[in-house]
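The structure appears below as structure tokens.
What follows is calculated from the coordinates using simple rules that are stated; it is not laboratory data. Please read all numbers here as calculations on a predicted model, not as lab measurements. Neighbour counts run over all protein chains shown; Cβ positions are idealised from the backbone, glycine included.
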Amino acid sequence: MWSLFASCDGDLMEGEPKDLFDRAAFDVPEAQSASMMGNPSYKVEGKLFMSLIGEEAIFKLQGEIHTEALALDGAHLFNPKKNGTPMKEWVQVPFDHAGQWPRFAVAASSYVRSLL
């Protein structure tokens, strides 16, 4: 069983990574479920903004929130090839910080929309 932890707004959340990942997308208008490399993902207007890799979520971010996400313990740039060059805009955030996934989801979707 997964443990309780505090979300960014102080609420306690409980659940498995996939459930919390889906909840994170709830506040994103027009988010559509998708798949990236066989992993659960969400997109807006046809463009991916977040995905779940095992128990960690990845978000396409920029600016201050990108810096904040990378500063979290265990967070790092997403590197799909493990030995290759990391994807500089995609931050992989561990399950320990799932309470912050909703705000990263909103920021990532806004950023992706700005690119269209």
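Would you tally the net charge around residue 78, using a Cβ to Cβ cut-off of less than 12 Å, leaving residue 78 out, and scoring K and R as +1, D and E as -1? My count for the surroundings of residue 78 gives +2. Once C-alpha pairs closer than 8 Å and six or more residues apart are averaged by separation and normalised to the residue number of the chain, the relative contact order reads 27 percent.
The residues packed around residue 93, meaning those with a beta-carbon under 13 Å from its beta-carbon, carry a net charge of -3 if Lys and Arg are +1 and Asp and Glu are -1. The share of Cα pairs per 5 Å bin across the stretch 44-94, counted from zero up to the longest distance, runs 5, 22, 30, 27, 13, 4, 0 percent.
Between [x] -0.31, -0.68, -1.20; [y] -0.39, -0.82, -1.31; [z] -0.54, -0.85, -1.07, which matches log10 I(q)/I(0) by the Debye sum over Cα atoms at q = 0.11, 0.16, 0.21 Å⁻¹ calculated for the structure shown? From the options [x] -0.31, -0.68, -1.20; [y] -0.39, -0.82, -1.31; [z] -0.54, -0.85, -1.07, the structure gives [x].
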